[in-house]
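One structure is given here, and the rest of the page talks about it.
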Amino acid sequence: MEIVLALAIGVLGGAGVWLLLRPRTFQVLMGLSLLSYAVNLFIFATGSLSIGDEPIVRAGVPATLEHYTDPMPQALVLTAIVIGFATTALFLVVLLAARGLSNTDHVDGRETEEQP
Amino acid sequence: MHAALLALAEALMPRLPMLLILLPMLGAALMLLLGERRRSAKALLNLLCCAAGLLLALALLVWVDAREAPQAYAIYLPGNWSVPYGIVLVADRLSALLLVLASGGGLAAALFSLARWQRAGVHFHPLFQIQLMGLNGAFLTGDLFNLFVFFEVMLVASYGLLLHGSGRTRVRAGLHYIAINLLASSFFLLGAALLYGITGTLNMADMAFKLAQIPQADRGLMHAGAALLGLAFLIKAALWPLNFWLVPAYSAASAPVAALFAIMTKVGLYAVLRLWTLFFPGEAGTAMPLGGQVLVWGGLATLGFGALGALASQHPGRLAGYSVIASAGTLLAAVGMRQSAVTGGALFYLFSATLAVSALFLLVELIERSREVEDEAMRADTEDEELLPLPGAVVPEGVNLDEDEQALIGRAIPAAMAFLGLSFIVCTLLVAGLPPLSGFVSKLALLTALLNPAGLGQAAPAPGVAGWLLLALLILSGLAATIALSRIGIRYFWAPQQRPAPLLRVIECLPIVLLLAACGLLSWQAGPVLRYTEAAAQTLHRPGPYIEAVLGSQPVPPPAVVPPEVRP
């Protein structure tokens, strides 16, 4: 399971970075989204991966991480998702405004000579 | 004054740090409820919140200053959970200093916005207060994840404020600014998650305590986490080469927003200073910890970059942006030296330089307006010539009709131009660090501390290569700032002769006067302020009492023991 998750984070992060370096605003937006997915999965993974464990203490089971999954990264990832979602939505609005004002979707607001 | 502030702080004490976050938050919420129509009510509310925030911050500063090191921490547990588990707000000397800076700069920027900028778009005042809330929260929180949350609060408000007024340059600069800050937030989260994974805590004091005892096998991970966090903070603190976003964004922002942003850059520096000294304690002489060389050499490169950029910039807004970069470089390099005397000087420099650059950003807008007035007047002149030839008169060619040159001699300088010119000179003195104002005092304090870390007259090892380089760059960057600002001054104040005076409102001049008067006060009271910043630096570089104070703070016992108090 660890290797699958690590690969997923790596692929998401790599794709995110590549898209982030592209010249089109929508590609940058997708890159930022993918990167935030990678980060969210990473935070989730720091709470040690386990299947079928709960984060809430049950009666009769000793409260150690062997019996439970760590609730803290889950709480963190929830906050990070909300904040990431909001900022990405804001970025989308700015992207549309930039598109409307400059008539191009290049990140610099004008086409360079090399670009087709 | 002093006693009254202390009494106010004592009266509010366990909750004073919390009030500094709640006040702007509730102010912003109230403004949203007021709706977009009642702009003057919102402006008044904004001013009131800023003024009350400044008062509370000053009270906190006086309270913290009145105490000796082990008790000099105002600690409040908002959720009343015991320490490593719940949220904790901690105010020490450094936090209090930066809170005063943020509230004071905020008040000036809010005053300035009343003249024009508040009408340039919607929700200016609520966003302004939310930005202040994020700033205050970031300076106060004692918890890594809440630092992230307050960073985001501050950043989201700053996105809105940067775009305030709209227009093509602002939107383009905003796009870059938002993209780079979202990336920085990702780094912040990665670093925080890594450090949580190693230590199992998010409380900064607890983390510092546990990082000292982690096994050797985990040190690599810890360094990776700290480096990722550092990257996120250094993007905000404008370390070269992570600072190319700053100048376009700051010069595109409207003047009051740029003045507020000048303070926002200091949040990155604050986070570096706080976490780096907590996680890697020790002073110069001990082994250089992770990132020390990066801070010193990166800071020097930033300082050089800022000075060269200031020389190269033709536009006063960009010049002010490069001044922000130069001051950030000075601060980072000085902090990287890890000597409490140098850090103390750097904190004094931070206060003075930030106020000066805020004033410069406000002034730039007024100076720009004087040039706009000229353009309009020139256009009007040519139109007049075309439209109003004297009836029947033939204008002889090659003869200069303008005979008014005599009248120029002895003509009084308009009050507006006199104000702009004098303020610009004061700003130049402050930014370049020329005597007699606080810019000079702060640079002098820095240089003295660099040469004599143990104090004047004490035998001390000579500063290393980096120390000498910082000394040289500090002086050279002052020269560069003098040249660049004088050139702008000549272009805008000296060269134009026939320029009509721009129309200035008192409400626009007042914040500049206030900021410059604060710098004047800082120069006059430099001794006590320097003692305060040196005490702040000493508590930073010996974080033991901080960790003990935070970890030792107890939640309030349940109400069965103590009767519940009525909250004000």
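Computed from the coordinates by the stated procedures, all read-outs in this text should not be read as laboratory data. Since we're looking at a predicted model, the values are computed, not measured. Note: ideal-geometry Cβ built from the backbone for every residue, glycine included; neighbour counts use all protein chains shown.
Overview of results
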read-out	value
Expected 222 nm ellipticity per residue - DSSP helices of 4 or more, -39500 (n - 2.57), all of chain B, to 500	-24000 deg cm²/dmol
Degrees separating the helix B:465-489 axis from the principal Cα axis of chain B, which is the longest one	30 degrees
Only Lys, Arg (+1) and Asp, Glu (-1) charged, at Cβ; the protein assembly as shown dipole about Cα centre in debye	940 debye
Dipole magnitude (debye, nearest 20) for chain B, charges at Cβ of Lys, Arg, Asp, Glu	1280 debye
Calculated P(r) of segment B:131-188 - Cα pairs past 13 Å, %	61 percent
Likely footprinting exposure, A:HIS67, B:HIS541, B:HIS164, B:HIS2, fewest C-beta neighbours within 10 Å first	B:HIS2, A:HIS67, B:HIS541, B:HIS164
Residue order, fewest to most beta carbons within 10 Å, for A:TRP18, B:TRP276	A:TRP18, B:TRP276
Helical segments meeting 24 Å axial Cα length and Kyte-Doolittle 1.6 threshold in chain A (DSSP H)	A:2-20, A:71-102
Theoretical gain in end-to-end length, A:ILE3 to A:LEU41 [0.36 nm per residue, Cα-Cα removed]	12.4 nm
Largest-first principal axis extents of the Cα set of the protein assembly as shown (Å)	109, 67, 57
Whichever lysines have a C-alpha closer than 30 Å to that of B:LYS210, once near sequence neighbours (fewer than 8 apart) are set aside	B:LYS236, B:LYS266
Within chain B, longest stretch clear of exposed GluC sites (Glu not before Pro) (DSSP loop, no more than 15 other Cβ within 10 Å)	B:69-396
0 to 90° range, to nearest 10: angle between helix B:316-336 axis and chain B longest Cα axis	20 degrees
Shielding of A:87-95 by partner chains, average beta-carbon count, 10 Å	5
Burial ordering of B:ARG37, B:ARG487, fewest other beta-carbon atoms within 10 Å first	B:ARG37, B:ARG487
Viscosity 1.567 mPa s, temperature 4 °C, Stokes-Einstein D of segment B:206-322 from Kirkwood C-alpha radius, µm²/s	82 µm²/s
Chain B: angle of helix B:39-65 to the longest principal axis, Cα-based, in degrees nearest 10	50 degrees
Rg and Dmax [Cα atoms of chain B; Å; Rg one decimal, Dmax integer]	25.2, 100
A:LEU101-B:THR448 pseudo-label distance in nm [points 7 Å out on the Cα-to-Cβ vector]	4.7 nm
Label-point gap, in nm, between B:MET1 and A:THR88 - each point 7 angstrom along Cα→Cβ	5.2 nm
³J(HN,Hα), Karplus 6.51/-1.76/1.60, whole Hz, each residue of segment B:79-91, x for Gly, Pro	x, 6, 8, 5, 4, x, 8, x, 6, 9, 10, 10, 10
In nm, spacing of pseudo-spin labels at A:GLN27 and B:ARG371 (7 Å Cα→C-beta vector)	3.6 nm
Per-selection Rg to Rh, segment A:18-93 - Cα, Kirkwood hydrodynamic radius	1.17
